[in-house]
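See below for the structure under consideration.
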Amino acid sequence: MEQKITPNLWFNGDAKQAIDYYASVFPDSAIGTTAYYPNTPEEGLADFQLDMAGKVLTIEFALSGQHFTAINADATFKFTEAISFVVGCKDQAEIDYFWDKLSSDPASEQCGWCKDQFGLSWQIVPENIAELLARPGAYANMMQMKKLVIADF
């Protein structure tokens, strides 16, 4: 899985579950190389990592052809809305599908943005969002939506 720039996502001990889930949601997905933490300090495991001995360390994966790496770590770092992934959808049915699969935090829903069960933010938008936003009043309409409804632009 090679590309020049690859997003690396830090998970709080649930990287494998997250990647398995994402691969089930997105077409053209694949799970690649998985690396594991050493089993003992003699193999390079640090004392603060003892609870991770033998567990997944990193996973290379692709979602709809986009390559990523996941690191399985602890709660030191968390996802924020400052980073989100845009999913361009061809029609309302596709918007509905991805929204149903990825939105798990209704309090964080706004203007096509949602947050999944792992805390990662997604923007579920029509592929022609720029064209839709060029309509009179479309921006104001979008600001009132949670999940985007194409007919309401």
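Details
- Taking residues in segment 71-98 that are free of Cβ contacts under 8 Å to residues at least 60 places away in the same chain, and partners anywhere that are charged (D, E, K, R) and surrounded by 17 or more Cβ atoms within 10 Å (Cβ to Cβ), the pairs with Cβ atoms closer than 7 Å and at least 6 places apart or on different chains are Ile95/Lys147.
- So Phe118, is it loosely packed, with under 15 Cβ neighbours inside 10 Å and either in the same structural domain as Asp20 (by TED's automatic domain parsing) or within 26 Å of Asp14 (Cβ to Cβ) (or both): no
- Checking each residue in segment 16-55 for being of a type in the set (A, V, I, L, M, F, W, C), under 23 Å from Ser121 (Cα atoms) and either touching a Ser or Thr at 6+ places or on another chain (Cβ under 8 Å) or assigned by TED's automatic domain parsing to the domain that holds Trp122 (or both) picks out Ala23, Phe26.
- Scanning segment 75-93 for residues that are over 15 Å from the mean Cα position of the chain (by Cα), surrounded by 10 or more Cβ atoms within 10 Å (Cβ to Cβ) and hydrophobic (A, V, I, L, M, F, W, C) turns up Phe77, Cys89.
- Test: residue in segment 33-40 that is modelled with pLDDT of 95 or more, under 23 Å from Ser108 (Cβ atoms), of a type outside the set (Ser, Thr, Tyr) and out of contact with any Lys or Arg (no Cβ under 6 Å at 6 or more places or on another chain): no
- Checking Cys89 against (1) outside the structural domain of Tyr139 (by TED's automatic domain parsing); (2) touching a Pro at 6+ places or on another chain (Cβ under 8 Å), the condition it does not meet: (1)
The values are calculated or read from the model by the stated rules, or taken from the named source; none is laboratory data. As the structure is a prediction and not an experimental result, all values here were calculated from the model. We place every Cβ from the backbone using ideal geometry, glycine too, and count neighbours over all the protein chains shown.
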